[in-house]
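K.L.:
Next up is a structure, given as structure tokens.
Read the figures in this text as sums done on the coordinates, not as results from a lab. Predicted model, so just to flag it, every value in this text is computed and none were measured. For neighbour counting, all protein chains shown are included, and Cβ atoms are generated from backbone atoms with ideal geometry for every residue, glycine included.
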Amino acid sequence: MLKLKNVSVKYKDKVVLDNLSLTAEGGEIIGLVAPNGTGKTTLFNVIANFIKPNSGNVTFNGNIQYKTERNELSIHKQLATFPDQGDLFEELSGVDHMKLYANMWNGTSKHVQDIYKQLLMESYVKKKVKTYSLGMRQRLCFAMIVAADTPIMLMDEVMNGLDVANVSLISKQLMQMKKEGKLIFVASHLLANLDLYADRVLYLKDGNIVHQQQLNESTREYIKIELTPVQYEKLIQNYSLPDDHLYIAKRLCCIPIAQMDLDEQKDWIERLFAYKGKELTIGPLGTVEHYEKYYHES
Ligand SMILES: Nc1ncnc2c1ncn2[C@@H]1O[C@H](COP(=O)(O)OP(=O)(O)OP(=O)(O)O)[C@@H](O)[C@H]1O
């Protein structure tokens, strides 16, 4: 559905994307994670052709590239980007905005009512945007991209400023759209949140994807415990830890269990129980832990 090949973007001497390649298919939610200023928006801008890469290309559906105006039009019919709150019209209602997006991409707005009901916006959607809170505006931006109903959606910080109930509401809607076969990119700083709905999380670093985390496959499991650097030093002096264990962000010790039999696993759990008041968990690394591994250790 979407293929980026050797994409590079430079602003003057600053390389932001460096030979980045990526393939993505419909029916997938892809999280995009990196500290501020790494290149997430730049990557979205390349996919949407808001900026031209210095080299490399983007291909849709196997053979369509941004080479002609006609191609650009046909790609833009299939792709919508998350609206910016600053682009909302204060004097128009939420419904007006949703209809605008629905008509622009879909040629019809008959599904708009179902969407605002599903997103629990009925009580305010017909009022002018100037009366909305930040969270209501954010939900409207989301409702607009849902109304656009495109096969590809690029969402920058979709959950910004939303409370727990709204995060859950929007997560559900994202998963429903994924089931319908859409390809959805979500750039986010709300890491734990991505664990709930993303299929794959891409970590951007130094202009490229430094790691792709598959969340829907069984992944390496670890015994995980929070340890201070002093406690960790003592542990590695007293016991021989597997070479591939991790000590992430000088706080979390992760011991892989794949190569251990049940007795060895039990031994490790007993040893680690000695650290009173520390939470011991068993499972794969989550998005937060990967993030700390890639961005807090260098
Ligand atoms: N038009 C531009 N001219 C010069 N430099 C730019 C331009 N746009 C972006 N940059 C630089 O490119 C880098 C990546 O910016 P980008 O907006 O893609 O990051 P981001 O990962 O989306 O950040 P954030 O999490 O803060 O939204 C930054 O260092 C930024 O200063």
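K.L.:
Among DSSP beta bridges lying fully in the chain, give the percent that are antiparallel, nearest 5.
P.N.:
Values: 32 of 49 bridges.
Approximately 65 percent, going by the DSSP bridge assignments.
K.L.:
Can you give me the relative contact order of the chain as a percent, contacts being Cα pairs under 8 Å and 6 or more apart? If you can, show how the numbers build up before the last one.
P.N.:
Numbers: 502 pairs, mean separation 61.6, N = 298.
Computed value for the chain: 21 percent relative contact order.
K.L.:
Only counting other Cβ atoms within 10 Å, I'd like Asp13, Asp18 sorted with the fewest neighbours first. Walk me through the numbers on the way to the answer.
P.N.:
On the way: Asp13 5, Asp18 15.
In order of increasing Cβ crowding within 10 Å: Asp13, Asp18.
K.L.:
Output ³J(HN,Hα) for the stretch 44-50: one whole-Hz value per residue in order, computed from phi by the Karplus curve 6.51 cos²θ - 1.76 cosθ + 1.60 with θ = phi - 60°, and x for Gly and Pro.
P.N.:
Values per residue, Gly and Pro as x: 4, 5, 5, 4, 8, 6, 6 Hz.
K.L.:
For the chain, take the convex hull of the Cα atoms, compute a quarter of its surface area, and give me that in nm², please. Kindly include the intermediate steps, with their values, before the conclusion.
P.N.:
Details: hull surface 76.0 nm².
Result: 19.0 nm².
K.L.:
Using packing as a proxy for protection, rank 179-185, 140-146, 95-101 so that the peptide with the highest average count of other Cβ atoms within 10 Å comes first. Walk me through the intermediate numbers first.
P.N.:
Values: 179-185: 17.9, 140-146: 24.1, 95-101: 20.3.
Taking the mean over residues of other Cβ atoms within 10 Å, the ranking is 140-146, 95-101, 179-185.
K.L.:
Ok, one more. In 10 Å bins starting at 0, how do the alpha-carbon pair distances of the stretch 1-105 split up by percent?
P.N.:
Final binned percentages: 12, 39, 33, 15, 1.
K.L.:
How many percent of the alpha carbon pairs in the stretch 125-185 exceed a separation of 19 Å?
P.N.:
On the way: 550 of 1830 pairs.
Pairs farther apart than 19 Å: 30 percent.
K.L.:
List, in order, the whole-Hz ³J(HN,Hα) value for each residue of the stretch 192-204 obtained from phi through the Karplus relation with A = 6.51, B = -1.76, C = 1.60 and θ = phi - 60°; use x for Gly and Pro.
P.N.:
Result, rounded to whole Hz: 4, 4, 5, 4, 6, 10, 7, 8, 8, 10, 9, 9, 8.
K.L.:
Still on this model: Between Asn36 and Lys5, what FRET efficiency comes out of the Förster formula 1/(1 + (r/R0)^6) with R0 = 35 Å and r the beta carbon distance, rounded to 0.05? Present the calculation step by step, with values, prior to reporting the outcome.
P.N.:
Numbers: r = 27 Å, r/R0 = 0.77.
Once the sixth-power term is evaluated, E becomes 0.85.
K.L.:
Under Stokes-Einstein, with the Kirkwood radius over Cα pairs standing in for Rh, what whole-number D in µm²/s applies to the stretch 222-295 at 20 °C and 1.002 mPa s?
P.N.:
Values: Rh = 12.6 Å.
My calculation gives 170 µm²/s for D.
K.L.:
Would you grab the residues whose amide H sits under 5 Å from the one on His211? Only those 5+ places off in sequence or on another chain, please, with H modelled 1.01 Å from N.
P.N.:
Amide H neighbours of His211, under 5 Å, 5+ apart: Tyr203.
K.L.:
Just to check I understand the Karplus step: with θ = phi - 60° and J = 6.51 cos²θ - 1.76 cosθ + 1.60, what whole-Hz values come out for the stretch 82-98, glycine and proline as x?
P.N.:
For the stretch 82-98, the Karplus curve yields 5, x, 8, 3, x, 8, 6, 9, 4, 8, 9, 8, x, 4, 4, 4, 5 Hz.
K.L.:
Rank by packing, highest mean first: peptides 147-153, 190-196, 63-69, with packing defined as the count of other Cβ atoms within 10 Å averaged across residues. Intermediate values should be presented prior to the final figure.
P.N.:
On the way: 147-153: 21.3, 190-196: 17.4, 63-69: 12.1.
So the peptides 147-153, 190-196, 63-69, ranked by packing, come out 147-153, 190-196, 63-69.
K.L.:
Around Glu221, which amide H atoms from residues at least 5 apart in sequence, or from another chain, sit under 5 Å from its own amide H, with H modelled in the peptide plane?
P.N.:
Sorted by chain and number, the residues that satisfy this are Ile257, Ala258.
K.L.:
Still on this structure: Roughly how many whole Å is it from the C-alpha centroid of the stretch 239-286 to that of the stretch 143-161?
P.N.:
Their Cα centres are 39 Å away from one another.
K.L.:
Quick query: amide H of Ile51 versus all other amide H atoms, modeled in the peptide plane; which residues come in under 5 Å with a sequence gap of 5 or more or a different chain?
P.N.:
Amide H neighbours of Ile51: Val46.
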